[in-house]
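A.B. asks: Please see the structure below; I have some questions.
The values are calculated or read from the model by the stated rules, or taken from the named source; none is laboratory data. Predicted, not measured: the structure shown is a model, and the values here were computed from it. Note that each Cβ is placed from the backbone with ideal geometry, even for glycine, and that neighbours are counted across all protein chains shown.
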Amino acid sequence: MNTSRDKMRKSRFLCLVLGSAAVAVFVTTNALSSPGDLYVAEAATGIIYKFTLGGAKSTFATGIYQPTALAFDRDGNLFVANSGAGTPPMASAILKFTPGGTENTFATTPSNGLLSLAFDGAGNLFASTGFILEFAPDGKPREFSTAVQNVWPLAFDKLGNLYAGVNSPSVEIVKIAPDGTSSTFHSFSAGGSITGMAFDASGDLFAAVGTSILRVKPDGSSITFAAGDFLYPLAFDGTGNLFAALYAFNARESAIVKFTPDGTKTTFAFGPLLPSAFAFEPVTEKLRNISARGFVGTSDEVLIGGFIMGGNALSNNAAVVRALGPSLANARVSNALQDPVLELHNSSGALIASNDNWQETQKEQITATGLAPTDTKESAIFTTLPAGNYTAIVRGAGETTGVALLEVYSVNQ
């Protein structure tokens, strides 16, 4: 937080360790899976491969018609887009492989050509078939904004905003807020299509455009991260390495490369041919509900709650952070803080999100969790967080003082 030791003495500080890692296991015909394994779809052959962290390759599933997208949910189920294109035409299906290895059809779509899958923090699955479909955790379809079309890749940021790569009539990335409103996040000059997207832990969006990889900052500015013969999928592992696909026409050619956080490129694996989708198997993260109450003063005398998210960075855990004040009077707390302001920071001190009055931002998302504060002047933030250290800070609006309650809740665990 860039706070001096003297300032930390003045602050009320609570350090909490949250979560534990539960290993999800896949049973395949060749080998057991383990957290951190990379799953790779080869659309041309209908095969899904599994790569260990060391690059050892085995076959996970076969007989899938053009598996064009992969995604894991928080419970370790693998979802596979079975595109359904070809002759004769058939509807696309989203297949679900449970941690025990059972395969079933999760949902079907009215058109062929599934292109991308992505989960939000509440466990809803979003799919693109040129336009965007939404499925509840039980597989039931839901209405979603039809304003954004010609979509290929999808990716969610930490605050639940959906980013969609649009390739016609212009090439751009569209940001769709949880309430369905959309805006242009970044536009590209004429050229190649957007075929893959992935967020790193700092919130930068990496996009495969044409045969290059671009890095787009949260403010929409971009730089070229890497140039070459890159193909569709991008994915980050738990330590911040970026995995990218290359054009490979035989098993002796490099098909998957790895970029370390500093940009160093190495070959991760040879083959498969023309990889079409990546997904890392997560460690299921469990966040325990915690709370702390303390006095909030002026200047540096704030209430600080530090917490550690367990597991690994492969599975984002949905959480609600709240700062309560006025409603504490119902619990007979005297001198309650009348207008708390909440901030959430990552381990480097960077601000992830802030909120004053909870209904002004993320109202629908927070209400849907059942954790909405009862007073409009209280604060709340909905977010999805990978493993790491986080700090929540409660201040009083306008340098007001009083007793506040800081809480962190898991969502849909």
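A.B. asks: Name every residue in region 110-156 that is acidic (D, E) and in a strand (DSSP E or B), in order of residue number.
C.D. replies: Result: E134, single match.
Conditions (1) exposed (fewer than 13 other Cβ atoms within 10 Å of the Cβ); (2) touching a helix residue (DSSP H, G or I) at 6+ places or on another chain (Cβ under 8 Å); (3) at pLDDT 90 or above; (4) farther than 15 Å from A44 by Cα, marked per residue:
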| residue | (1), (2), (3), (4) |
| --- | --- |
| L231 | no, no, no, no |
| L234 | no, no, yes, yes |
| G238 | no, no, no, yes |
| L246 | no, no, yes, no |
| A251 | yes, no, no, no |
| T266 | yes, no, yes, yes |
| S276 | no, no, yes, no |
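A.B. asks: Those residues that are out of contact with any Gly (no Cβ under 8 Å at 6 or more places or on another chain), over 23 Å from D120 (Cα atoms) and either at pLDDT 90 or above or part of a helix (DSSP H, G or I) (or both), I need them from region 313-332; list them, please.
C.D. replies: A323, L324, P326, S327, L328, A329, N330, A331
A.B. asks: Same structure, new question: Here are some conditions: (1) over 23 Å from the mean Cα position of the chain (by Cα); (2) modelled with pLDDT under 90; (3) small (G, A, S); (4) buried (at least 18 other Cβ atoms within 10 Å of the Cβ). A61 meets all but one. Which one does it not meet?
C.D. replies: (2)
A.B. asks: When region 49-64 is examined, which residues are found to be closer than 17 Å to P282 by Cα and of a type in the set (A, V, I, L, M)?
C.D. replies: L53
A.B. asks: Kindly evaluate Q365 against the criterion of being over 22 Å from the mean Cα position of the chain (by Cα), in a helix (DSSP H, G or I), assigned by TED's automatic domain parsing to the domain that holds R293 and of a type outside the set (S, T, Y).
C.D. replies: no
A.B. asks: Which numbered condition trips up I352, out of (1) assigned to a strand (DSSP E or B); (2) more than 30 Å from F72 (Cβ to Cβ)?
C.D. replies: Every listed condition holds for I352 apart from (2).
A.B. asks: Quick check on region 153-172: of everything there that is of a type outside the set (S, T, Y) and over 17 Å from the mean Cα position of the chain (by Cα), which residue is farthest from K363 (Cα to Cα)?
C.D. replies: P169
A.B. asks: I'd like to know if region 207-216 contains one or more residues that are surrounded by fewer than 18 Cβ atoms within 10 Å (Cβ to Cβ), of a type in the set (K, R) and more than 19 Å from the chain's Cα centre (by Cα).
C.D. replies: Within region 207-216 (the criterion being surrounded by fewer than 18 Cβ atoms within 10 Å (Cβ to Cβ), of a type in the set (K, R) and more than 19 Å from the chain's Cα centre (by Cα)), the answer is no, since none of the residues qualifies.
A.B. asks: For region 367-394, what are the residues that are of a type in the set (A, V, I, L, M), crowded, with 19+ Cβ neighbours inside 10 Å and modelled with pLDDT under 90?
C.D. replies: L385, A387
A.B. asks: Have a look at P178, P169 and point out the one that is touching a residue at least 24 places away in the same chain (Cβ under 8 Å) and either aromatic (F, W, Y) or over 17 Å from D219 (Cα atoms) (or both).
C.D. replies: On inspection, the qualifying residue turns out to be P178.
A.B. asks: Restricting to region 94-109, count the residues that are in a strand (DSSP E or B) and modelled with pLDDT under 90.
C.D. replies: Qualifying residue count for the region: 1.
A.B. asks: Among what's in region 167-182 and is farther than 18 Å from L133 by Cα and modelled with pLDDT of 90 or more, pick the residue that is surrounded by the fewest Cβ atoms within 10 Å (Cβ to Cβ).
C.D. replies: E172
A.B. asks: Return the residues of region 90-99 that are within 24 Å of the chain's Cα centre (by Cα) and not basic (K, R); say none if nothing qualifies.
C.D. replies: Matches in region 90-99: A93, I94, L95, F97, T98, P99.
A.B. asks: Also, quick follow-up: Assuming N317 fulfils every condition listed in (1) in contact (Cβ under 8 Å) with a residue 60 or more places away in the chain; (2) of a type in the set (S, T, N, Q); (3) more than 23 Å from G238 (Cβ to Cβ) apart from one, which condition is it?
C.D. replies: (3)
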